[in-house]
Amino acid sequence: MAVLVIAEHHHGALSDATHKVVTAAAKFGGDVDLLVAGEHAAEVVPAAAKVSGVRKVLKAEGESLRKQTGESMEALVVPLMANYDAVFIAASTTGKNIAPRIAARLDVMQLSEIIDVVDSSTFTRPIYAGNAIMTVKSSDAKKVITVRGTAFEAAGNEGSASVEDVAAPEGPFKSEFVSEEMVKSDRPELTGAKRVVSGGRALGSADEFNRLIVPLADKLGAAVGASRAAVDAGYAPNDYQVGQTGKIVAPELYIAIGISGAIQHLAGMKDSKIIVAINKDEEAPIFQVADYGLVADLFNAVPELTEAL
Amino acid sequence: MKVLVPVKRVIDYNVKVRVKPDKTGVDLANVKMSMNPFDEISVEEAVRMKEAGTVTEIVVVSVGPQQAQETLRTALAMGADRGILIKTDATVEPLGVAKLLAKVVADESPDLVILGKQAIDDDSNQTGQMLAALLDWPQGTFAFKLEKDGDKLKVTREVDGGLQTVSLTLPAIVTVDLRLNEPRYASLPNIMKAKKKEIVEKTPEEYGVDISPRLTVVTVTEPPVRQAGEKVEDVATLVSKLKTAGAV
Ligand SMILES: Cc1cc2nc3c(=O)[nH]c(=O)nc-3n(C[C@H](O)[C@H](O)[C@H](O)COP(=O)(O)OP(=O)(O)OC[C@H]3O[C@@H](n4cnc5c(N)ncnc54)[C@H](O)[C@@H]3O)c2cc1C
Ligand SMILES: Nc1ncnc2c1ncn2[C@@H]1O[C@H](COP(=O)(O)O)[C@@H](O)[C@H]1O
């Protein structure tokens, strides 16, 4: 058996999510190869070759793969699948964009956001915003899988894989990259952060969000998250949203500030090790999952907390 | 432009889901069902494009039981023109739905298909991308903003780290994210008008699509329940507890 893992990388750095996907792939069994495609692929290869358990790194560089569009990645990966029993990729926005195209082309049903590999055809995944956990058996010959990173440990860096070049697919494709606006931040990446401080609707404005949430996060070396309500209202960027339809986090410490704790929000953070909630409503559902709950007005409590740390 | 909007009938997002004691699935008896919230956003976007004059006709389609008709009616009341119900009591997986939608696309020849990014029951996030692959069409997933640009469609996408804009050659697939728009509530007169709009009923067999599932459910279980911890009386206590727990 052999598994292809599609690596995720940004600005020449291999993302930690890839190490977690490799762990999931190893649990599936067989040889694990790592595909590094797109912009800066060559810079990523040395780190990719070191990931423990990887047999071979496939490097694919080319203008058509620059931004890993769904169309170009489908064209790259589908022919490679002749040699593999499964393809694994992180359940990031990139993975979610690409994987179903590959699955449809292979005429197989994808398994989305798995949290466990039971055996080579049986997988576990959350449904209904994590209110139920489903174990399913796939009858398809090949498996296309996206992996929830928080459910797997990261593979180590003791490997020494060989490296092989793969030709980039010929364009042109019917979709073209135009531009991107990335949020620049020195804070840790949300899904991999050890600590997360999230703010909700109660913050009331972007100014207050930045005045109260950000300094606390900085003090803790934490990533900043938000509820959907806070994002919708423009207090925080879109990709700060934690929840069922946003990012899934499981840090050692999660501090929810002025967040009620709707099931959609809980879906994204209830696997955190320690949860702290600050909310002025003692009945707020967030307290049902909080290890430490502080019933207080956040406008007093948060500056006090930041000061005390 | 003609637009096709697939809408799914799902458990209402406010309902607390219960796993059945026999672990075969979740209890859907007597629970409130609604249109998948992302699909309301798709319908809204199509209606706004029609109001702006870029779209001439909106066809909505649902794969599901007879009651999915109500979901189609809701979409018609929001401003869609006509509906197609592909009736089945079976659970149809995203791959099956995508294959059925590919047939509808072949019949209807839309310029654009707008889907939700994810159904909030199966949380799959697959159908739109699968349909795009089956049709060999370009895709703009997790749309934050759509702009018609000659014979192209510019889609600004919500991606990890920020926003990305792609340009798609039509016909194309779009899947929508939460920030694209705020869906309207249908007015009473529009609800009345929607009753007269056409809904055609079809079956998967009529389309010649094999929808038999590829995945067999082994078990459906409750997630581990997290116990509520303690309430602390002030910030100082909170800090000392966190220090003791080694969290800060
Ligand atoms: C399809 C769909 C997908 C969704 N996906 C997500 C998702 O991924 N993530 C997500 O978060 N939500 C999601 N939601 C939204 C979710 O249902 C809730 O609406 C949202 O989480 C509420 O955000 P909130 O807790 O910030 O706001 P609210 O529910 O309004 O809560 C604000 C809280 O602040 C407290 N408060 C007010 N003032 C103060 C003060 N001065 N000091 C202290 N506390 C105060 C209040 O007591 C209240 O508990 C989704 C909804 C739908 C329909
Ligand atoms: N049974 C269905 N009928 C109509 N549309 C569907 C159906 N299932 C999925 N879809 C569409 O595909 C989107 C994504 O669903 P999923 O891939 O299941 O998460 C939904 O938001 C709908 O637009």
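What follows draws every value from the coordinates through simple rules; no lab data is involved. These figures come from a predicted structure and were not determined experimentally. Heads up, the Cβs are rebuilt from the backbone with ideal geometry, glycines too, and the neighbour counts pull from every protein chain shown.
When the charge dipole of chain B is built from unit charges on Cβ atoms (+1 for Lys and Arg, -1 for Asp and Glu) and taken about the Cα centre, the candidate among B:VAL217, B:VAL47, B:LEU85 whose Cα reaches farthest toward its positive end is B:VAL47. Between B:THR175 and B:LEU115, B:GLY140, B:THR141, B:PHE142, B:ALA143, the built amide H atoms are under 5 Å apart, and every one of these is 5 or more places off in sequence or on another chain.
The HN-Hα couplings worked out from phi for the range A:36-41 by the Karplus form 6.51 cos²θ - 1.76 cosθ + 1.60 (θ = phi - 60°) are 10, 10, x, 3, 6, 4 Hz, whole numbers, x standing for Gly and Pro.
For the protein assembly as shown, DSSP calls about 35 percent of its internal beta bridges antiparallel.
A:ARG187 sits among other residues whose Cβ lies under 12 Å from its own Cβ, and their net charge, with Lys and Arg +1 and Asp and Glu -1, is +1.
Rounded to the nearest 5, the antiparallel percentage of DSSP beta bridges internal to chain A is 20%.
Summarising the overall dimensions of the range A:152-309 from its C-alpha atoms, the Rg and Dmax are 18.6, 59 angstrom. Divided by 2.2 N^0.38 Å, where N counts the residues, the Cα radius of gyration of chain B comes to 1.17. Distance from the C-alpha centroid of the range A:185-205 to that of the range A:267-309: 14 Å, rounded to the whole angstrom. The alpha-carbon atoms of the range B:69-211, seen along their principal axes, cover 41, 40, 32 angstrom, with the largest extent given first. Restricting the calculation to Cα atoms, the range B:57-142 yields a radius of gyration followed by a Dmax of 12.5, 32 Å.
Positive end of the dipole of the protein assembly as shown (Cβ unit charges, origin at the Cα centre): among B:ILE11, A:ALA161, A:ILE263, the Cα lying farthest that way belongs to B:ILE11.
Output the antiparallel fraction of DSSP beta bridges having both residues in chain B, as a percent to the nearest 5. Taking every DSSP beta bridge with both residues in chain B, the antiparallel ones total about 40 percent. Shown in residue order for the range B:219-233 are the 3J(HN,Hα) couplings computed by the Karplus curve 6.51 cos²θ - 1.76 cosθ + 1.60 at θ = phi - 60°: 8, 10, 10, 6, x, x, 7, 8, 7, 5, x, 10, 8, 9, 7 Hz (x for Gly and Pro). Each Lys or Arg adds one and each Asp or Glu takes one away; over the other residues whose Cβ falls under 11 Å from the Cβ of A:THR306, this sums to -1. Under the convention that each Lys and Arg Cβ holds +1 and each Asp and Glu Cβ holds -1, the size of the dipole of chain A around its Cα centre is about 500 debye. The protein assembly as shown has equivalent-ellipsoid semi-axes of 35, 30, 23 Å, by the square roots of 5 times the alpha carbon gyration tensor eigenvalues, sorted largest first. Mean partner shielding of peptide B:167-177, defined as the number of other chain Cβ atoms within 10 Å of each residue Cβ, is 3.
Compare the peptides A:124-132, B:63-71, A:179-187 by average per-residue count of other Cβ atoms within 10 angstrom and give them in order, highest first.
Top of the packing list down: A:124-132, B:63-71, A:179-187.
Can you give me the Cα centroid spacing of the range B:32-64 and the range B:205-248 in angstrom? With the range B:32-64 and the range B:205-248 each reduced to a Cα centre, they are spaced 32 Å. Based on Cα contacts under 8 Å between residues 6+ apart, chain B shows a relative contact order of 23 percent. Across the range A:231-309, the volume of the C-alpha convex hull divided among the residues equals 101 Å³ per residue.
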